[in-house]
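**Q** Sharing a structure below in structure tokens format, with a few things to ask.
Here, each number is a calculation from the coordinates, and none is a lab measurement. Fair warning: this is a prediction, and the values are worked out from it, not measured in the lab. Every residue, glycine as well, gets a Cβ built from its backbone with ideal geometry; the counts of neighbours run over all protein chains shown.
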Amino acid sequence: MAAPSPGPREVLAPSPEAGRRAATSSSSRRGILWRLRDKQSRLGLFEISPGHELHGLTCMMQAGLWAATQVSVDHPLMGFELGTLAGPAFARLRRSLGLAEEDYQAALGPGGPYLQFLSTSKSKASFFLSHDQRFFLKTQRRREVRVLLTHLPRYVQHLQRHPHSLLARLLGVHSLRVAQGKKKYFIIMQSVFYPAGRISERYDIKGCEVSRWVEPAPEGSPLVLVLKDLNFQGKTINLGPQRSWLLRQMELDTTFLRELNVLDYSLLMALQCLHEDERGQGSCLIFRMARSVQGAQGPEEPEAQNRRLLPDAPNALHILDGPEQRYFLGLVDLATVYGLRKRLEHLWKTLRYPGRTFSTVSPARYARRLCQWVEEHTE
């Protein structure tokens, strides 16, 4: 079944030329000074203001996304073209999550600058957050977008069957072309790390060891870093009664990803200490029978769907409370297929790293290993 695709929609930016001129004229020296300044003021998140090298791009993204939700207004072409891919399908996903279009538009539109953070990922993608940090935007390669759209019907079906899945909720896929330039693609999803106010540690887990260490920020530094597997050595995730739910959900979600023949996805995890009055508060939990996405009721019983009590808090699908800490958990980066390129990479890494674990393995082995990591690091 092909993913629905209404085709690109051309929209208008209020002044894309101004943003592009500002980005082009900024020198590398100014960029360095800007980063040093904002490291102190944004706790590691960098406001994309005039002078930032990505200011022009993000201004067009904001203006385009704002216009794309104004479906009743005719927008003449003014300097760039924004494509909305599989628009109706993603609109249904947003509605099923209780996300009002006006809230989505306000968060992603020109009301406030996007935030950039320094990712520890090896990819060449750019990463952004909406100004309220609720939505995450990431640039993608064309082949990755093709994979996501091909798998979209099965992704929706999986969320219908398992409404409390850990899979990141995709909210939109778009393309952006300036004049006759090359198209850029980007995705929008709910941020796993939201609300971020009291988060103390963040991790990106793949269940292996090669290239899975990040040098921590110096003590007292305001810089926010996403750490990796080796940084978590010697630590455990204390979930108490919630552990069995997590192990089962990891099995369900990774089995689905294995069937899609994908690998190299990550379990994002963040830690937040619970306040004294938040610990063991059963009254703060609600059993949400609403589906993650709309659709016909499947044949599965609620037990087979692995439902759970969700905290009555924003982003509840990605939040799991233990006795003393709140954990933010989500599976992201679902577009890497185990094709010829990855098979050759697997052979090369086998020779390059004998006896060590690395990310490029078969989807079955990747899923099994990540589940094993979660089992070994939870109690």
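**Q** What ranking, highest mean first, results for peptides 58-65, 80-87, 231-238, 248-255 when packing means the other Cβ atoms within 10 Å averaged over each residue?
**A** With the highest mean Cβ count within 10 Å placed first, the list reads 58-65, 80-87, 248-255, 231-238.
**Q** Another question, if that's okay. What ranking do 311-323, 344-356, 97-109 get when scored by the average of other Cβ atoms within 10 Å per residue, highest first?
**A** 311-323, 97-109, 344-356
**Q** First check a/c for segment 147-244, with a ≥ b ≥ c the square roots of the eigenvalues of its C-alpha gyration tensor; if it is under 1.5, answer rounded, and if not, answer prolate when a/b is larger than b/c or oblate otherwise.
**A** Here segment 147-244 falls in the oblate category.
**Q** While we're on this one: If I take R0 = 30 Å and measure r between the Cβ atoms of K124 and R198 in this structure, what FRET efficiency does the formula 1/(1 + (r/R0)^6) give, to the nearest 0.05?
**A** Computed FRET efficiency for K124 and R198: 0.40.
**Q** For a 18 Å ceiling on Cα separation, which of these pairs sit above it: K138/K184; K206/K342; K183/K342; K228/K342; K124/K349; K235/K349?
**A** Violating the 18 Å limit, Cα to Cα: K183/K342; K228/K342; K124/K349; K235/K349.
**Q** Once a ≥ b ≥ c are taken as the square roots of the eigenvalues of the Cα gyration tensor of segment 128-195, is the result rounded (a/c under 1.5), prolate (a/b larger than b/c) or oblate (a/b not larger than b/c)?
**A** Oblate, since a/c reaches 1.5 and b/c is not below a/b.
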